[in-house]
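S.K.: Here it is, the structure, as structure tokens.
All of the numbers you see were taken from the coordinates with simple rules; none came from a lab. Computed from a predicted structure; not experimentally measured. Virtual Cβ from ideal backbone geometry, glycine too; neighbours counted across all protein chains shown.
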Amino acid sequence: MSTQVKHRRGSNAEIIAGTPAVAELWFNTSDNSFHAGDGVKLGGHKIAKVSTIETLTTVAEIASGIFNLAGTRLKLTDRADAIFKVVSGGSPDGYGVLDAGNGNTAEIIIEGSIYNIIHFGAVDAAPDNTGPMQATATAAGVGGGIYYEPVGLWIHGQIDIKDSTIMMGCGFESRDQRLSDFSNPVVTQVGYRFFGIQGIAPYPPEENVKNITCYQINFLGTVETDGFQEFKHLMMMQGATNVDIQTCWFTGWQGDAIVIRSGNFTAAAQNLNVKIKDTVFDGINNDNRNAISITDVYGMTIRDNKFKNCTRSDMPGAIDIEPNTLDTYVVLNDIYIGHNNFNNIGGNVACVGMTMPIATEAFDDEPPRNMTVEHNVMDGVFTGWRFSQVQNFPVIESFTPLNVKVFNNTVTDATERPFWMFGIRGLKSSFNHYERCAKAGAIGWLNPATQGCDNIKLHNDTFRHCGTTDGSAIALYTASNISLKELTFDNVGVTGGGFGVPITFADGVNSKIKVENSDIINNEGLTTGVFSIVGGATITPGNNTLKGNDFLGFDTSAFPADFTDFGETSFETGITALAGGQAGAAQLTSAMNVVSGGAAFDSVKLPTATGDAREITISNTTAGSIQVYPFSGDNLGKGLNAPESLATGTSRTYKTYDNNNWIRTTS
């Protein structure tokens with residue numbers, strides 16, 4: 001005899017009020033269906049029959065989680081405001097459905113619970129929906145779910161989003177507006193917060209809020225009606241990991257659209273792996289702060305976005321990387337900004353700018369590094385890009401390189417400069433196009449003690465009609481180890497003519513400058529020369545290169561080149577050897593050096609070794625032997641920092657073969 005198995009049963013209302021145990025089946029007497037339990041979900045998971053098309057009166061049943069299996073087929077009798085794929089008779093609108101009602105068939109395309117703000121009491125255009133919207137976010141954050149905003153205007157104050165939440169709207173018409181609040185203009189107020197647990201810096205990211213996705217929502221500020229307020233933001237992250245914002249809109253913010261920050265020393269948190277893609281930032285009237293502000297992040301991608309009409313003249317720019325002065329615990333590493341479009345961007349820094357008020361050696365862990373800016377279009381802006389850092393000491397070769405790459409960008413109609421950098425070491429700019437920029441791209445700045453630059457490469461960049469107000473394409477202020485290679489200068493100079501040069505040495509001490517394989521083209525009378533030296537600027541002889549250039553016959557004699565197309569040409573006589581060993585030795589700077597003064601066994605010192613096969617010749621015309629030392633840290637073949645003698649009446653030539661070693665080429 002067969003054994004009959006009876007499962008627990010009840011009406012639909014009774015089942016959704018209970019929780020089946022793990023693997024327990026409950027029979028629904030309302031529609032003859034089964035619900036499988038997991039021990040957690042109210043009503044369990046309904047097992048849909050493939051042949052069945054469920055008819056629903058409203059979508060509230062879906063929001064309640066009864067029908068949450070991907071692939072469940074539904075016949076809707078009202079307009080859908082959940083997330084469906086049209087099967088027949090309707091037309092999709094972004095991630096929602098316009099006309100899936102009236103008996104048409106739709107299919108759920110998202111597995112998981114959908115939490116619609118309407119079903120928690122939010123009302124379209126109500127003056128304050130903070131309560132119901134926070135309740136929705138809290139429910140979605142329990143185990144992860146979809147925080148859903150249908151078409152409408154949803155006004156609210158601060159909403160906190162938690163782990164594994166998907167924030168989803170229906171597109172541009174899902175308008176999410178931060179509530180106007182003038183109660184305290186200097187207190188930070190935000191629309192949405194992604195906040196982890198915080199503590200004394202540096203606080204571990206293990207306690208971060210994690211895995212938040214946001215798309216198809218139009219986040220609104222009230223700058224048009226309420227004006228600029230620096231501390232009123234639309235979204236803020238502090239202790240967030242794996243945040244993905246895509247296909248959204250941020251419109252008319254008052255302070256910043258998005259802030260990614262570290263907090264302060266007693267309530268600090270780090271941010272990891274943040275992505276912002278395919279999103280439009282429209283500041284409406286340029287009366288706001290930044291579109292994106294970053295003070296702490298490890299791993300950031302800002303790609304394929306549009307930025308327009310943002311930033312007033314006393315604020316930084318569209319994207320601002322700028323920690324607070326005392327926040328030495330922050331981390332800024334691995335930041336990618338690419339394939340974005342910027343138009344009508346104001347500010348006093350740049351479209352993309354890093355302003356670092358903390359010196360390299362002052363960071364607790366590691367200084368900022370590894371930043372890439374590529375394939376961006378910047379039109380009608382203040383300055384295209386800027387990387388700057390205030391140092392405690394002159395920038396030298398021992399500083400950790402910033403490792404910035406700026407490739408394939410276009411900057412047009414900049415009212416200030418195409419680019420600007422100071423206080424940094426380690427930046428390469430290649431294949432960028434700069435056109436109709438008012439002033440020169442600046443390398444270094446006016447304070448040589450803190451604002452110089454080292455190890456900067458500009459290769460394959462084009463400057464067209466640049467220097468329209470100051471007459472120069474590139475200006476150097478206290479710069480060393482600068483490589484200007486394969487650059488193109490097209491009609492550089494002041495609009496109307498009178499003065500135009502590709503390169504100006506504007507101030508400070510400049511050394512180890514290489515200008516190679518670069519050209520002036522299409523000169524229509526604006527360009528009047530190649531080099532200009534002004535403002536007390538000096539160029540230290542010894543390691544400057546001028547090779548392979550085509551400057552249309554313009555005079556280049558203002559630049560003291562040591563290496564030219566004709567070899568190294570510098571020559572110095574009357575050198576006096578000095579006592580004091582390596583530290584006190586007379587420093588040689590030229591290719592040909594005649595030593596005619598000094599006592600027996602006094603010393604001279606070679607320049608620092610370089611890897612470009614430089615040759616230095618020394619002739620001793622004194623009455624006795626002299627000592628020849630390498631530069632500190634180099635080797636003549638006698639051992640690190642060890643000298644060798646050069647007899648009276650003899651000459652010797654040394655040649656570098658790497659950055660630390662010399663060999664004799666003559667005895």
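S.K.: Taking square-rooted eigenvalues a ≥ b ≥ c of the alpha carbon gyration tensor, is the range 508-614 rounded, prolate or oblate, where a/c under 1.5 means rounded and, failing that, a/b exceeding b/c means prolate?
M.R.: Prolate, because a/c is 1.5 or more and a/b exceeds b/c.
S.K.: Search the structure for amide H atoms under 5 Å from the amide H of ASP124, placed 1.01 Å from N in the peptide plane, and list their residues when 5 or more places away or on another chain.
M.R.: Those lying under 5 Å, H to H, from ASP124: there are none.
S.K.: Given the peptides 497-509, 321-333, arrange them by the average over their residues of other C-beta atoms within 10 Å, most packed first. Write out the running numbers ahead of the final one.
M.R.: Values: 497-509: 22.2, 321-333: 19.4.
Highest-to-lowest ranking by the protection proxy: 497-509, 321-333.
S.K.: Here is a follow-up. When Lys and Arg each count +1 and Asp and Glu each count -1, what net charge do the other residues less than 12 Å away from ASN273, Cβ to Cβ, add up to?
M.R.: Once positives and negatives cancel, what remains is 0.
S.K.: Classify the range 335-387 as rounded, prolate or oblate from the Cα gyration tensor: take a ≥ b ≥ c as the square roots of its eigenvalues, call it rounded if a/c is under 1.5, otherwise prolate when a/b beats b/c and oblate if not.
M.R.: Since a/c reaches 1.5 but b/c is at least a/b, the shape of the range 335-387 is classed as oblate.
S.K.: Rule-of-thumb check for the chain: C-alpha Rg over 2.2 N^0.38 Å?
M.R.: For the chain, the normalised Cα radius of gyration is 1.29.
S.K.: Once amide H atoms are built 1.01 Å from N in the peptide plane, which residues 5 or more positions from CYS437, or in another chain, come under 5 Å H to H?
M.R.: Amide H to amide H, under 5 Å and 5 or more residues apart or across chains, CYS437 pairs with ASP413, ALA414, CYS466, GLY467, THR468.
S.K.: With only Lys, Arg, Asp and Glu charged, each at its Cβ (+1 for the first two, -1 for the last two), find how big the charge dipole of the range 187-333 is about the Cα centre; round to the nearest 20 debye. Don't jump to the answer; show the numbers that get you there.
M.R.: Working: 11 positive and 16 negative charges, 52 e Å.
Result for the range 187-333 is approximately 260 debye, rounded to the nearest 20.
S.K.: About its Cα centre, how strong a charge dipole does the chain have in debye, to the nearest 20, once Lys and Arg get +1 and Asp and Glu get -1 at the Cβ?
M.R.: Dipole magnitude for the chain comes out near 940 debye.
S.K.: What is the distance in Å between the Cα centres of the range 498-539 and the range 372-390?
M.R.: Their Cα centres are 22 Å away from one another.
S.K.: What angle, in degrees between 0 and 90 and rounded to the nearest 10, separates the Cα long axis of helix 130-140 from the longest principal axis of the Cα atoms of the chain?
M.R.: Helix 130-140 and the main axis of the chain meet at about 90 degrees.
S.K.: Please list, or write none, the lysines whose alpha carbon is within less than 23 Å of the alpha carbon of LYS306, excluding same-chain residues fewer than 8 places away.
M.R.: Hits, sequence-local ones excluded: LYS232, LYS275, LYS277, LYS405.
S.K.: Right, another one. In the range 516-583, which GluC sites (Glu not before Pro) are in a loop and have at most 13 other Cβ atoms within 10 Å, using DSSP for the loop call? Show your work: numbers first, answer last.
M.R.: Numbers: sites: GLU516, GLU524, GLU568, GLU572; in loops: GLU524.
Here the sparse-neighbourhood loop sites are GLU524.
S.K.: Which one of GLY496, LEU526, ILE513 has its Cα pushed farthest toward the positive end of the charge dipole of the range 481-560, where Lys and Arg give +1 and Asp and Glu give -1 at the Cβ?
M.R.: Of GLY496, LEU526, ILE513, it is ILE513.
S.K.: Here is a follow-up. Per residue of the range 213-225, what does 6.51 cos²θ - 1.76 cosθ + 1.60 with θ = phi - 60° give for ³J(HN,Hα)? Whole Hz please, x for Gly and Pro, Karplus curve as stated.
M.R.: 10, 9, 7, 6, 10, 9, 8, 10, x, 10, 5, 5, 9
S.K.: Let me have the relative contact order for the range 513-667, percent, based on Cα pairs under 8 Å that are six or more residues apart.
M.R.: Worked out over the range 513-667, it gives 16 percent.
S.K.: Quick check on the range 607-655: take the gyration tensor over C-alpha atoms, sort the square-rooted eigenvalues as a ≥ b ≥ c, and tell me if it's rounded (a/c under 1.5), prolate or oblate.
M.R.: In terms of gyration-tensor shape, oblate.
S.K.: So what is the calculated 222 nm ellipticity per residue for the chain, using -39500 (n - 2.57) for each DSSP H run with n of 4 or more, over all residues, to the nearest 500 deg cm²/dmol?
M.R.: On the way: 5 runs with 27 residues, N = 667.
Rounded to the nearest 500, the figure is -1000 deg cm²/dmol.
S.K.: Normalising by the residue count of the chain, find the relative contact order in percent from Cα pairs under 8 Å and 6+ residues apart.
M.R.: Normalised by residue count, the contact order of the chain is 4 percent.
S.K.: Pull up all non-local amide H partners of LYS275: gap of 5 or more, or a different chain, and H-to-H distance under 5 Å with H placed in the peptide plane.
M.R.: For LYS275, whose amide H was placed from the backbone, the distant partners under 5 Å are VAL243, ASP244, ILE245, THR301.
S.K.: Here's a follow-up. How large is ³J(HN,Hα), in whole Hz, for each residue of the range 265-277 in order, when computed from phi with the Karplus curve 6.51 cos²θ - 1.76 cosθ + 1.60 and θ = phi - 60°, using x for Gly and Pro?
M.R.: Along the range 265-277, the couplings run 4, 8, 9, 9, 7, 9, 10, 9, 6, 10, 10, 10, 9 Hz.
S.K.: If you keep only loop residues by DSSP, which trypsin sites (Lys or Arg not before Pro) in the range 556-655 have at most 14 other Cβ atoms within 10 Å of their Cβ?
M.R.: Taking the range 556-655 and a limit of 14 other Cβ atoms within 10 Å, the loop trypsin sites (Lys or Arg not before Pro) found are LYS638.
S.K.: Across the range 528-543, in residue order, what do the Karplus-derived ³J(HN,Hα) couplings come to in whole Hz, using 6.51 cos²θ - 1.76 cosθ + 1.60 with θ = phi - 60° and x for Gly and Pro?
M.R.: 10, x, 10, 10, 9, 10, 9, x, x, 5, 10, 10, 6, x, x, 8
S.K.: Let me ask another. Net charge near ASP181: determine it from the other residues with C-beta under 12 Å of the C-beta of ASP181, scoring Lys and Arg +1 and Asp and Glu -1.
M.R.: Working: positive: ARG178, LYS232; negative: ASP128, ASP226.
Overall, the nearby charge balance is 0.
S.K.: In the neighborhood of LYS306, defined by Cβ-to-Cβ distances under 13 Å, what is the net charge if each Lys or Arg adds +1 and each Asp or Glu adds -1?
M.R.: -1
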